[in-house]
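Derivation of every value follows stated rules applied to the coordinates shown; laboratory data play no part. This one's a predicted model, so the numbers in the text were calculated from it and none came from an experiment. Neighbour counts run over all protein chains shown; Cβ positions are idealised from the backbone, glycine included.
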Number of protein chains: 2
Amino acid sequence: MLVDLRFDSGEVPLVTDLYELTMAASYFELGFNDRACFGMSARRLPLHRGFLVAAGLERLLEVLEHFRFEPSVIEYLDSLKLFSSRFLDYLGSLRFTGDIHAMPEGRLFFGQEPIIEVHASLIEAQLLETLVINQIGMASLIASKAARCVIAAHGKKLIDFGLRRSQGIDAGLIAARSSYLVGFDGTSNVLAGRRYTIPLYGTMAHSYIMAHDSERHAFEHFVSHFPNLSTLLVDTYDTVRGVENAAAVARTVQKEGFNLQGVRLDSGDLASLSRKARKILDDNDLKQTSIFASGNLNEYKIADLVGAGAPIDSFGIGTDLVVSADAPALDVAYKLNEYAGKPRLKTSEGKLTLPGRKQVFRAIGRDGGLAGDIIALADEDPGAVSKEFTYEVSDVVSLMSVQMKDGHRVMPRPTLLESRERFQQNLARLNLKCKELTAPAVYPVAYSHALEDMLMKQKHEAALCSAG
Amino acid sequence: MLVDLRFDSGEVPLVTDLYELTMAASYFELGFNDRACFGMSARRLPLHRGFLVAAGLERLLEVLEHFRFEPSVIEYLDSLKLFSSRFLDYLGSLRFTGDIHAMPEGRLFFGQEPIIEVHASLIEAQLLETLVINQIGMASLIASKAARCVIAAHGKKLIDFGLRRSQGIDAGLIAARSSYLVGFDGTSNVLAGRRYTIPLYGTMAHSYIMAHDSERHAFEHFVSHFPNLSTLLVDTYDTVRGVENAAAVARTVQKEGFNLQGVRLDSGDLASLSRKARKILDDNDLKQTSIFASGNLNEYKIADLVGAGAPIDSFGIGTDLVVSADAPALDVAYKLNEYAGKPRLKTSEGKLTLPGRKQVFRAIGRDGGLAGDIIALADEDPGAVSKEFTYEVSDVVSLMSVQMKDGHRVMPRPTLLESRERFQQNLARLNLKCKELTAPAVYPVAYSHALEDMLMKQKHEAALCSAG
C-alpha cells in the first residue's frame, strides 16, 4: 500500500530543492569536490526571544547514517532530463562520509552562532542544505517556543495538544518531541508517544458529551470506564453547571474508592472560571481533583494566569505552540564557510556571513551562570580566546562537538531524557532577564579577534571575486 | 531500514490525540455506535482574508480507503494499559465504512461553512477528528495564502521556494501541492515534483558562487552545464556588478546559440535593483533574459513591486508562504452535528456550533459572479432555499458533494490540474473587493430559516442537557 501521507526513508534525498542537485551536477562535471564546511546559524532571534534551544540533531544524524539515492529515485531524476548518466551513477553510490560538528540537543544558542557544521566533500555537504535547515530549524523553533511556555508555567504541568493544528504530520511529531525535550510533561499525539516514548495525556472532546442526552450521564459513563484517569470537559454547555455535574459524579465514584482526576476548562475567562471550579470542587471535598485549562493558550496567557494566581494545575497548549504562532519560522541559513582550505563569505546586503570553520565558546561566570559567548575560529586556542572575555569567568566550554566522523556517529546516541536534562541545566544557568517573555535582555555574543580579522580580510577578497 | 523521518501508511491511525481512542473505547463499552455526522468548518477567516480555498481532500480520501489498525499498532495500544482486549480486537478489524460529503479541492469557502462532513458510525467518525483537521486544515491554510500571492502577482510567474522553512517534511509537500493547486507555476521541492507531477524550478545558491574564486567564472561554469536553463544568482557580492558579470557571460554563450534564462535578485531593494538589472540586460541585447526575484517575499511585497512596475518576471516565495506567516493556523473545528438521528450542538462561550447535517448553497448572480452563500440543512429543498437569497440570483449550486459512500470513492479522483482549473474558475467569479489583500469586503453568508429554527430549538435543548 503506497499512501500519499507516507514518507519512506528512501525519499530522504528528495527532501531537497532542485538547485542542490543541479549545483551538485555542475560540481561533479567541474571536478569541484574538495572538502567544504557549511555552517548553519540563525541570523537573528525572533521578536521577544531571548534565547533559542538547539533541537532536531538526533533525527538528522539518523538520516545521515542511512543517506542514499535508491534506484527508483535515480530513475525519477533521470526523467527530469537534466543530469548525465555519469552523474546519476555517482549519486547512486553516494553515501554521507563527512563529519558533523554540532551543539547537542537541549543546548541554548543565540543569533549568528553556528549550531551545526557539515564538513564533507562539496557535493555531499551541498546536497544536505535543505534537509538540515528544514529539520533543525523546525525542531529548534518549537523547542524555543515551548521553553517559553515552561518559563511561563512556573512548574505547572504542560501538555502538547497541538497535533490537529500542526502543519502536517511531521510537524506534529517534531512539536511533541521538541516540547518534551524542554520540559513538557507529555503530549496527546499518540504517534509521538510511540516513537519517542513520551507520556500520553488525554481528556475528552465535546462530542463525547454531545453524543449523550445529558452532560451528567456522559460524565458518569466516562468515569465508569476510566475511573481514576478521567478529566471531564465541563464547558460544553455552561461551565459552572458542568463543574457541578462533574463534582456530583466524582462524589459518587469516591464512595467506590475512585478519584476524579480533573476537570477541564476550554473556553471563557479561565482565571475566573478556575476559581469558581476550585471552590465547587473544594466544597465537595474534591481537593485532589485538579483543574486543567486549554483553549488558545500560549506563554503570554499562561504567564497572566499564573501571575493572577488562577488555581490551574495543568495547561494543554495547542496551536500557538505547535506553529510557534508569533514567530512561525527561524531565519536560519546554511552557508559555505570554507572550501578547499580557503575561507568563504558572501556580502549580500543584510546577509553577511561569517567565514571559516568555527567554534562557539561560552563563559561560565563565578556564580555558575552563563556569562556570554564568543564565536571563534575552530582552530583557535580555547585558552587564548578565554582571555578575550571582558568579564570575570570561572570556566569556558566549547559548544559544538564532533557528532559524526567519516559518516559514523562518534558519540552514543543520547536519550530524549538525557537531552531534556541538559536543557534544564542550561536554562537554570541563564540570566533571568534573558528569560523575560517580552523585551528580554540581550545575551552577550562577540566575535573573537581572529574571526574579526578574517572577516575584514575576506570582505576585501570578496570584492576581488566580484570583479568582472 | 526504519528511519525516524519516515512515516509509514500503517501509522496513519496513530495520527490522533489519545482522547479519540479513549472516547472510542468508552463508546464501544457503552454500545454507542449509531450513525453520527461530524462537520468541519473554520470558525472565522484569519485577519485580512476575504476567502479561503478548500484543499487536502484527495490526500485524505486516499488514506481513508486504506484506514486500518495494523497488528503492531494494536500491540502498542495494548501496552498503554488503557484498553480492553475486546476493544482492541474491534479496532483491529475496523475499516472506514462511512460517507464523506465535501467541497472538492479548489472551491472557495468562508467562515462557518462546513467544508467536509463525515457520516459514519460514531467510533469511525470520532477516530478521524485529528487527522481530518490536521490535513484539510493545513492544506487549505496554504492554498488560501498562496491564492493571495496569485492575486498580488497579476499574472507574473510564482514558484514555491519554501521547503527549507516549511514546518517539517509533510508541510513542505502540502505547501508545494496547495500552491500549485491555486496557480503557482512550480516548486523547488523535488519530492513534491515527483509525488504530484508539479514542474520543478531551481536557480543556484550563493555557495556555488562562493566555491569559485570569481563570480564570473562561476557563472561561466554553470551556464556551460545548463546553457538554456540557467538563472544566475547575482547578489553574492555586489548585485549590479553581478548583473554585469551575468550579462557578459550571456553575450558569450549567445554567440554559441544559447540564451541565458534569467538573473536572480535575492536581497536589497528589489524594485530599484530590478530596474538597474533590466537596463543592463537590455543594453546587452538580452531582452529575453528574465528577472527572478526572491528574499522574504509575500503577497504584500509582491503587490508593492508589481504596483511599482518593477520589471520582475518571476517571484520565488519561501517562508511567508509555506508557514502562512501572518496567519499560521486556521481556527477550524470538527464537531458532532448529529447523532442517532438527533441534531447536536455545543454552546461553549464563543464557540457555538451549528447543529444538523448541512449543505451550503451558493448563489450565482446575473453577471456570473458569486453573490452569496446560505448554510442550510442537508435535507432542505434547494428550490426553497434559493428563495431565501435577498438579491437577484441566476443560479444556485450546492457546494458539498458525496465523495465517498460506504468507505468507497464515488467519483473519479480529479487530477491536480483539474482542481487547479476549478480554483481558477472560482476565483475569477469572486467579487474583486473580496480579493483585496487587506480589509477585504465580507462575502455574504447567511443561515437558512430552517437552520435558524433548529439552532434556536437546540439551544433550548442544550440547556436541558446541562441540567444536573
If one compares the long axis through the Cα atoms of helix A:169-181 with the longest principal axis of the Cα atoms of chain A, the angle in degrees, nearest 10, works out at 80 degrees
Give a residue-ordered list of calculated ³J(HN,Hα) values for region B:141-153 (Karplus: 6.51 cos²θ - 1.76 cosθ + 1.60, θ = phi - 60°; whole Hz; x for Gly, Pro). 4, 6, 4, 5, 5, 5, 4, 5, 5, 4, 4, 5, 7
Relative to the Cα centre, what is the charge dipole magnitude of chain B, using +1 at the beta carbon of each Lys and Arg, -1 at the beta carbon of each Asp and Glu, and rounding to the nearest 20 debye? 740 debye
Near the amide H of A:Ser290, under 5 Å away, which other amide H atoms are found, from residues 5 or more places off or on another chain, if H is placed in the peptide plane? A:Gly262, A:Val263
Under-5 Å amide H pairs with A:Val396, H placed in peptide plane, nonlocal only: A:Ile364
Per 10 Å bin, what percent of the C-alpha pairs of the protein assembly as shown does each bin hold, from zero upward? 2, 12, 21, 24, 20, 13, 7, 2, 0, 0
Based on Cβ point charges of +1 for Lys and Arg and -1 for Asp and Glu, what charge dipole magnitude is obtained for the protein assembly as shown about its Cα centre, in debye rounded to the nearest 20? 960 debye
Residue by residue through region B:290-305, the couplings from Karplus 6.51 cos²θ - 1.76 cosθ + 1.60 with θ = phi - 60°, in Hz, x for Gly and Pro, are 9, 10, 10, 10, 8, x, 6, 7, 7, 4, 5, 5, 5, 4, 5, 5
Applying the Karplus parametrisation 6.51 cos²θ - 1.76 cosθ + 1.60 with θ = phi - 60° to the phi angles of region B:262-275, what ³J(HN,Hα) value in whole Hz is obtained for each residue in order, glycine and proline being reported as x? x, 10, 10, 9, 10, 6, x, 7, 5, 5, 5, 5, 5, 5
So if I take the alpha carbon set of chain B, get Rg, then get Rh from the Kirkwood formula, what is the Rg over Rh ratio? 1.05
Taking the Cα centre of each part, how many Å lie between region A:171-229 and region A:337-397? 44 Å
Between region B:37-62 and region A:411-440, how many Å separate their Cα centres? 38 Å
Please arrange A:Cys37, A:Cys434 by counting, for each residue, the other beta carbons lying within 10 Å of its beta carbon, fewest first. A:Cys434, A:Cys37
Rounded to the nearest 5, what % of DSSP beta bridges with both residues in the protein assembly as shown are antiparallel? 70 percent
Of all GluC sites (Glu not before Pro) in region B:212-285, which ones are in loop regions per DSSP and have a Cβ with at most 16 other Cβ atoms within 10 Å? B:Glu256
Note down, for region A:155-243, the three equivalent ellipsoid semi-axes (square root of 5 times each alpha carbon gyration tensor eigenvalue), biggest first, whole angstrom. 28, 14, 12
If the chain between A:Ala439 and A:Asp326 were fully extended at 0.36 nm per residue, the gain over the current Cα-Cα distance would be 39.3 nm
Cα long-axis angle, helix A:449-466 against chain A (0 to 90 degrees, to the nearest 10): 60 degrees
Just want to confirm a number: the relative contact order over region A:233-383, from Cα pairs under 8 angstrom separated by 6+ residues, in percent. 14 percent
Sequence-distant residues sharing a close amide H with A:Arg357 (under 5 Å, placed H): A:Ala378
Descending semi-axes in whole angstrom, ellipsoid equivalent of region B:179-321, from the Cα gyration tensor: 24, 19, 14
Determine by what factor the alpha-carbon radius of gyration of region B:368-418 differs from 2.2 N^0.38 Å, reporting the quotient. 1.48
Under the helix-only model (-39500 (n - 2.57) for each DSSP H run of 4 or more, divided by the residues of chain B), the mean residue ellipticity at 222 nm, to 500 deg cm²/dmol, is -12000 deg cm²/dmol
Filtered pair list for region B:156-322 (Lys only, Cα < 23 Å, 8 or more apart or interchain) has a length of 14
Return a whole-number percent for the relative contact order of chain B, with Cα pairs under 8 Å and 6 or more residues apart as the contact set. 21 percent
Given chain B, longest segment not containing exposed loop trypsin sites (Lys or Arg not before Pro) (DSSP; at most 13 other Cβ within 10 Å): B:96-286
Expressed in whole Å with the largest first, what are the equivalent ellipsoid semi-axes of region B:332-372 derived from the C-alpha gyration tensor as the square root of 5 times each eigenvalue? 29, 14, 7
If one computes the Cα centroid of region A:101-143 and of region A:234-252, what distance in Å separates the two points? 49 Å
Relative contact order for region B:156-322, counting Cα pairs under 8 Å that sit 6 or more residues apart, in percent: 25 percent
